[in-house]
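Have a look at the structure below before the remarks.
The values are calculated or read from the model by the stated rules, or taken from the named source; none is laboratory data. Keep in mind that what you see is a predicted model, and the values were worked out from it rather than measured. Methodologically, a virtual Cβ is constructed for each residue, glycine included, from the backbone with ideal geometry; neighbour enumeration extends over all protein chains shown.
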Amino acid sequence: MAQLLVIDDDAAFRDGLAETLRDLGHEVAEAANGQDGLAQFDAERPRLVFLDLRMPGLDGMVVLKRLCGNGPAPPVPVVVLTAYASSTNTIGAMRLGAFDHLTKPLGRADIADVVARALSRSASVVPSDAMAADGPLVGNSPATRAVQKLIGMAAASDATVLVTGETGTGKELVARALHEHGPRAAGPFVSVNCAAIPAELLESELFGHVAGAFTGAVRAQAGRFREAQRGTLLLDEIGDMDAAMQAKILRVLQERVVTPVGGRPEPVDVRVVAATHRDLLRLIDEGRFRADLYYRLHVIPIALPPLRDRADDIMPLAEHFLHLANPAAPKRLSSAAGTLLAASSWPGNVRELRNAVERAAALARGTTIEAEDLAFLRTPASSAAAIGTDLTLPEAVAELERVMIRRALAEVGGSRTEAARKLGIHRQLLYDKMKRHGLGDVSGDGS
């Protein structure tokens, strides 16, 4: 049994959470606002705090900062709660040392799990300053929120980060978020696409050169590492780097010194984030990537899932891109258009979705985007033929199920009842499969 504290201005939610915690065998103190919560914290000295993010007066972020005092994190685990999760409040809370960041409503199993985890170890130590404006990491799927939390915990560190994921999943956005939410935010953010620069020019591009170092070097060049001094350098598509350059990058990461072509070694103070869409472990097995460089990069790994595995993010992303296309008067998606977007497979991931939404917004005649405005999209049926032969049989069956469910939903305008009838299965089985494959909300019928 442990002493816990719930700080939330919603009386019904606060009472329900406190009752569940008491049922789990704990003693619970309650506070209806941030000021009372701080007073209760000093009086009760709880072992765990549940803290609402949005409250009048002192909001949850201010309370969390005060709980930190002058330390890098609160003295006890703090679970931040919100009904409106965003990349900013998730990353901001985790940077301030929150143990976890959960979205309301909470199920009993979720509550029991976070209490068990929080009481078994101390809160994460992640210092921070003020939050930035809401960033581009849009989405509230479990996979996206896991990435947001990891960014929040890693932002304050100078440790090297390796971001992996398919092309178009947003690897540079992760690197920018790490920079903007960290202590180097006032410094430069420099991005280099290693695959876009010829191998013979990459050394000069990264490390710089002195005047006269080679034919055509009429002026000295600082190089991207020195341009990123006291900031962050993104080495994008590092899996395409040749072996000789890999060895030089390894030396820079180990010694924090760069040597311009034709010049002398110079120290650099840079946080390095690397990104790739390639399978580096496979490249290591094939002798095309250095294992020692991989482990030097792989200090904090962040893996971005493809958009097809986080279907709950499709509509929030689409609406976000519509707003970016015309902030003053963004166009809206009809129900049929939204169903078509959700049913598409998006092999190009978030980048493809953004292009599709911007194209539809530009060409749609009215203020609402209809399904016919998205006729250029690849149909779900076409992706059935694209199931790779390198998949295992269970993986191929799962992918085929995803394709057929998306197609059935698109053809019947999103009605789960009609989709189940079309697929020849019971409606509850369709719900189970949609949940298993991450194909959106299954709480209602959708008819």
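Would you confirm, using the coordinates I've provided, whether Ile302 is part of a helix (DSSP H, G or I) and either in contact with a Phe, Trp or Tyr (Cβ under 8 Å, 6 or more places away or on another chain) or β-branched (Val, Ile, Thr) (or both)? The answer is no for Ile302.
Whenever a residue of segment 177-200 is assigned to a loop (DSSP other than H, G, I, E, B), its partners that are surrounded by 17 or more Cβ atoms within 10 Å (Cβ to Cβ) and among the hydroxyl-bearing types (Ser, Thr, Tyr), lying with C-beta atoms within less than 7 angstrom and at least six residues away or across chains, give the pairs Arg184/Thr232. Residue count for segment 201-252 under the criterion of being closer than 23 Å to Asp158 by Cβ and either part of a loop (DSSP other than H, G, I, E, B) or not assigned by TED's automatic domain parsing to the domain that holds Ala175 (or both): the result is 9.
Of the residues in segment 313-330, how many are of a type in the set (D, E, K, R) and surrounded by fewer than 19 Cβ atoms within 10 Å (Cβ to Cβ)?
So the count comes out to 1.
Only a single criterion out of (1) in contact with a Pro (Cβ under 9 Å, 6 or more places away or on another chain); (2) at positive phi is not satisfied by Gly57, namely (1). Count of segment 150-165 residues, restricted to those that are surrounded by fewer than 19 Cβ atoms within 10 Å (Cβ to Cβ) and within 21 Å of Leu307 (Cβ to Cβ), is 0.
For segment 253-299, the set of residues classified as among the polar types (S, T, N, Q) and in a loop (DSSP other than H, G, I, E, B) consists of Thr259 only. If the condition is being of a type outside the set (A, V, I, L, M, F, W, C) and part of a helix (DSSP H, G or I), then segment 4-22 contributes Arg14, Asp15, Gly16, Glu19, Thr20, Arg22.
Could you grab me the full set of residues in segment 74-87 that are within 13 Å of Val49 (Cβ to Cβ) and surrounded by 23 or more Cβ atoms within 10 Å (Cβ to Cβ)? Break it down into steps so the answer makes sense when it comes.
Residues of segment 74-87 that are within 13 Å of Val49 (Cβ to Cβ), as a first pass: 74-81.
The answer is Pro74, Pro77, Val78, Val79, Val80, Leu81.
If you take the residues in segment 332-363 that are outside any helix (DSSP H, G or I), without any contact (Cβ under 8 Å) to a residue 60 or more places away in the chain and buried (at least 19 other Cβ atoms within 10 Å of the Cβ), which one is farthest from the chain's Cα centre (by Cα)? This residue is Leu333. Scanning segment 88-109 for residues that are among the charged types (D, E, K, R) and either touching a His at 6+ places or on another chain (Cβ under 9 Å) or loosely packed, with under 15 Cβ neighbours inside 10 Å (or both) yields a total of 2. Scanning segment 416-439 for residues that are of a type in the set (Gly, Ala, Ser) and at pLDDT 80 or above gives Ala419, Ala420. Please go through segment 42-63 and pick out each residue that is touching a strand residue (DSSP E or B) at 6+ places or on another chain (Cβ under 9 Å) and either farther than 21 Å from Ser120 by Cβ or outside the structural domain of Val115 (by TED's automatic domain parsing) (or both). Ala43, Asp52, Leu53, Arg54, Met55, Asp59, Gly60, Met61, Val63, listed by residue number.
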